1. How many residues does the stretch 128-170 hold that are in contact with a helix residue (DSSP H, G or I) (Cβ under 6 Å, 6 or more places away or on another chain), more than 19 Å from residue 322 (Cα to Cα) and part of a helix (DSSP H, G or I)?
2. Any residue in the stretch 282-301 that is within 15 Å of residue 239 (Cβ to Cβ) and either among the basic types (Lys, Arg) or modelled with pLDDT under 95 (or both)?
3. Residue 210 versus (1) at pLDDT 95 or above; (2) within 30 Å of residue 288 (Cα to Cα); (3) surrounded by fewer than 24 Cβ atoms within 10 Å (Cβ to Cβ): which is the lone unmet condition?
4. Pick from 173, 183, 245: which is more than 18 Å from residue 152 (Cβ to Cβ) and part of a helix (DSSP H, G or I)?
5. Select from the stretch 198-249 the residues that are hydroxyl-bearing (Ser, Thr, Tyr) and more than 17 Å from residue 287 (Cβ to Cβ) and list them in ascending order.
6. Which condition does residue 290 not pass, out of (1) crowded, with 17+ Cβ neighbours inside 10 Å; (2) more than 23 Å from residue 366 (Cα to Cα); (3) of a type in the set (Gly, Ala, Ser), if it passes all the others?
7. Scan the stretch 155-189 residue by residue and report those that are in contact with a strand residue (DSSP E or B) (Cβ under 8 Å, 6 or more places away or on another chain), hydrophobic (A, V, I, L, M, F, W, C) and buried (at least 21 other Cβ atoms within 10 Å of the Cβ).
8. Suppose we filter the stretch 41-98 for residues that are hydroxyl-bearing (Ser, Thr, Tyr), closer than 24 Å to residue 209 by Cβ and outside any helix (DSSP H, G or I); how many remain?
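The values are calculated or read from the model by the stated rules, or taken from the named source; none is laboratory data. Note that this is a predicted model, so its numbers are computed, not measured. Counting neighbours? That spans all protein chains shown, and the Cβs are built from the backbone with ideal geometry, glycine included.
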Amino acid sequence: MTTNRREFLRYSAATGALLGLPGAAALAQDKTAAEAAPRKLSMLVLGGTGLIGPALVEYAQSRGHTVTLFNRGKTNTHLFPDVEKLRGDRNPDKNEGIKALEGRKFDVVFDDTGYYPRHVKASAELMAPNIGHYVFISSISCYARNNVEGMDESAELATMEDPTLETMGKQYEYYGPLKALCEQAAEAAMPGKTCVIRPGYIVGPGDTSNRFAYWPMRADKGGDFVVPGAPTDPIQVIDVRDLSEWMVHVAERKLVGRFNACGPDKKLEWGKVIDACVKSASKPCKPHWASLEKLEALPRVGFQIWIPYAGETKGFHMVSNAAAVKNGLRFRDIETIVKDTFAWCKSLPAEQQAAVFRSVPEEVEKQMLEALQKA
């Protein structure tokens, strides 16, 4: 069975959130990471209040680094009252734009909110004379194709007919090409001083997309539930804490180049993820596997995280992370990720917990289960 890009986008309700993701201990427990930082760095985070930002700031502070945030001041404003906060907008032509960054000097800038090349170009060029290192967070969605297993950082990048467009597109079809253009803008502004990090699915505590949280939460709900694909399908995810800790590691060692930050270090099977979710559940539950062929006959829902291991998406969860692992990237095991994500999600208000299940409505799930039993 082949899978084209339209099907890829349909199966992955969170494609646009790939901002862009076990087997070993966390980087914080790694001997190298446990050592004192080589020197204390002044760090600027463009954003700092979303998924990556809080984990990044907390770990950087624990290492003794000084952190400054630049954002609009609209999201999670209560976080980090002790941190300097510069106000502005990534769009240099909107309100005060990036004026707050003029003349400021930092050892390293983390850019995890760059989605349009014009914005990245403006901030990178403005700060280039006054910073030593620019770390841009891209995505494996930047690649032109997802059908090749084991592709590394040299793989062909996605392009778009009009590179000046500043829209993700109706199905986020421009997300990847725009990320590729953002990478190029950063590297052009600071050649030899830029590190591009390409995550896949970023998961863990704080991930409000619900794309990963759905599975441990659905298992805990109990009863029968549908799982797409096969237990042997590969999957790559990286805990936001592992990604953030490695970003600090990158800054401390002033690494440059391009790195795929996908996890884990060895192949992870989709069935092992579901097993971990079942084991974490407080109620009896049973997964019912729906192969690609069976899915074709079932109602369409926005299954999360999983991507068809076939056709044009066969290589999506098989991206090589060898370069990043060689340079210190480490991963929590999937059982820990599931446990911690579930605990975090259960700590949220009831309405936020309920939102986890919106991608697979209960009535539709019942129809799917009935259809599977008849098949």
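1. Number of matching residues: 1.
2. Residues of the stretch 282-301 that are within 15 Å of residue 239 (Cβ to Cβ), as a first pass: none.
The answer is no, given that none of the residues of the stretch 282-301 is within 15 Å of residue 239 (Cβ to Cβ) and either among the basic types (Lys, Arg) or modelled with pLDDT under 95 (or both).
3. Residue 210 satisfies every listed condition except (1).
4. Details: 173 fails: part of a helix (DSSP H, G or I); 183 fails: more than 18 Å from residue 152 (Cβ to Cβ).
The conditions single out 245.
5. Looking only at the stretch 198-249, we keep the residues that are hydroxyl-bearing (Ser, Thr, Tyr), and these are 201, 208-209, 214, 232, 244.
Passing the criteria: 201, 208, 209, 244.
6. Single failed check for residue 290: (2).
7. 180, 182, 186
8. We begin by selecting, within the stretch 41-98, every residue hydroxyl-bearing (Ser, Thr, Tyr); these are 42, 49, 59, 62, 66, 68, 75, 77.
Next cut, closer than 24 Å to residue 209 by Cβ only: 49, 59, 75, 77.
Now drop any that are not outside any helix (DSSP H, G or I), which leaves 49, 75, 77.
Here the count works out to 3.
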